[in-house]
1. Of the residues 42, 57, only one is surrounded by 15 or more Cβ atoms within 10 Å (Cβ to Cβ) and farther than 20 Å from residue 27 by Cα; which?
2. Can you confirm whether the range 13-26 contains a residue that is modelled with pLDDT of 90 or more and touching a strand residue (DSSP E or B) at 6+ places or on another chain (Cβ under 7 Å)?
């Protein structure tokens, strides 16, 4: 019976360290980034909208992009950037 459980236990440990743990770490980093957003930060949303934060609420942000001002959820923020020219990390995946 134990010989059948050892490979299963090893697979669970491998899956934890290769899949689950890195995903939890990335989710924690994203959450910390979203909690640290403040007025004046330049952001890129997951939908590709570039804007500057003009207001921060508990679960949403007010951003300004060109002449448009709108409110988005914090969960829609993909990245905080220094300069909009450096926002390529959120852009569509590159072809190999």
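1. Sole residue among the options that is surrounded by 15 or more Cβ atoms within 10 Å (Cβ to Cβ) and farther than 20 Å from residue 27 by Cα: 42.
2. No: the range 13-26 contains no residue that is modelled with pLDDT of 90 or more and touching a strand residue (DSSP E or B) at 6+ places or on another chain (Cβ under 7 Å).
The values are calculated or read from the model by the stated rules, or taken from the named source; none is laboratory data. As the structure is a computational prediction, the values presented were derived from the model and not from experiment. Because the Cβ atoms are built from the backbone with ideal geometry, glycine has one as well, and the counts that use them run over all protein chains shown.
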